[in-house]
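Remarks on the structure that follows.
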Amino acid sequence: MAEGIASSYFAFKHIHLTLIALSVGLYLLRFGSHLTEAGLLQYKIMKIAPHIVDTLLIVSGLSLCFIIHQYPISAPWLTEKVLALLAYIVLAVLSIKSKRGRVFKVLTCIGALSGVAFAANMAVLKHALFIN
């Protein structure tokens, strides 16, 4: 039984990591298209795919929580990871949808990517920095 749980964990972990790469890649593609006004955002697939990928990313993350029996609020590092994910989402949306200037958009993009980097750090270290 333990071998089955371990193989499920590694399968979901690899799926989760792949979805993270897809999510960030799609975000950067959309952001670059937005900044250069390349028109890529007009395609239906570019409007739908990020939502599908991000939904699957959340589902895979929740699956990992259940497999390892650690949950936000009860595991401070996981709470910080979820907060970093929320920061990524908010800043990514601001960087593409905001009517503000180019500097604001680039700074919010950097902030969004910093949220991803912070979440990755939490996932690796499993040690909270701000919540005790």
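Of the residues that make up segment 11-24, is at least one buried (at least 19 other Cβ atoms within 10 Å of the Cβ) and at pLDDT below 95? Yes: one or more hits. Taken over segment 29-49, the criterion of being touching a residue at least 60 places away in the same chain (Cβ under 8 Å) and aliphatic (A, V, I, L, M) is satisfied by 35 alone. Taken over segment 83-95, residues that are out of contact with any Cys (no Cβ under 8 Å at 6 or more places or on another chain) and buried (at least 19 other Cβ atoms within 10 Å of the Cβ) amount to 3. With respect to the stated conditions, residue 91 is over 24 Å from residue 10 (Cα atoms) and of a type outside the set (Val, Ile, Thr). Within segment 50-105, the residues that satisfy the criterion of being in contact (Cβ under 8 Å) with a residue 40 or more places away in the chain and among the β-branched types (Val, Ile, Thr) are 67, 68, 79, 96. Please go through segment 25-60 and pick out each residue that is of a type in the set (Gly, Ala, Ser), loosely packed, with under 14 Cβ neighbours inside 10 Å and within 17 Å of the chain's Cα centre (by Cα). Passing the criteria: only 25.
Just give me the residues in segment 95-109 being over 14 Å from the mean Cα position of the chain (by Cα) and closer than 30 Å to residue 12 by Cβ, in sequence order.
Within segment 95-109, the first condition is being over 14 Å from the mean Cα position of the chain (by Cα), and the residues that meet it are 95-108.
Scanning segment 95-109 gives 95, 96.
Being of a type in the set (Val, Ile, Thr) and in contact with a Phe, Trp or Tyr (Cβ under 9 Å, 6 or more places away or on another chain) narrows it down to one residue among 67, 73; which is it?
Numbers: 73 fails: in contact with a Phe, Trp or Tyr (Cβ under 9 Å, 6 or more places away or on another chain).
Answer to the check: 67.
Of all the numbered requirements in (1) modelled with pLDDT of 95 or more; (2) more than 30 Å from residue 131 (Cβ to Cβ), residue 40 misses one, and that requirement is (1).
Condition check ((1) at pLDDT 95 or above; (2) within 19 Å of residue 36 (Cα to Cα); (3) out of contact with any strand residue (DSSP E or B) (no Cβ under 7 Å at 6 or more places or on another chain)) across all residues:
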position	(1), (2), (3)
105	yes, yes, yes
114	yes, no, yes
123	no, no, yes
126	no, no, yes
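Take the conditions (1) in a helix (DSSP H, G or I); (2) within 23 Å of residue 72 (Cα to Cα); residue 131 misses just one of them, which is (1).
Taking segment 62-82 as the search range and keeping residues that are closer than 17 Å to residue 130 by Cβ and of a type in the set (Ser, Thr, Tyr), which one is surrounded by the most Cβ atoms within 10 Å (Cβ to Cβ)?
Filtering segment 62-82 down to residues closer than 17 Å to residue 130 by Cβ leaves 72-82.
Next, only the ones that are of a type in the set (Ser, Thr, Tyr) stay: 74, 79.
Values: 74: 9, 79: 17.
Filtering segment 62-82 for residues that are closer than 17 Å to residue 130 by Cβ and of a type in the set (Ser, Thr, Tyr), the one surrounded by the most Cβ atoms within 10 Å (Cβ to Cβ) comes out as 79.
The values are calculated or read from the model by the stated rules, or taken from the named source; none is laboratory data. If you're wondering where the values come from, they're calculated on a predicted model, not measured in any experiment. Cβ atoms come from the backbone with ideal geometry, glycine included; neighbour counts cover every protein chain shown.
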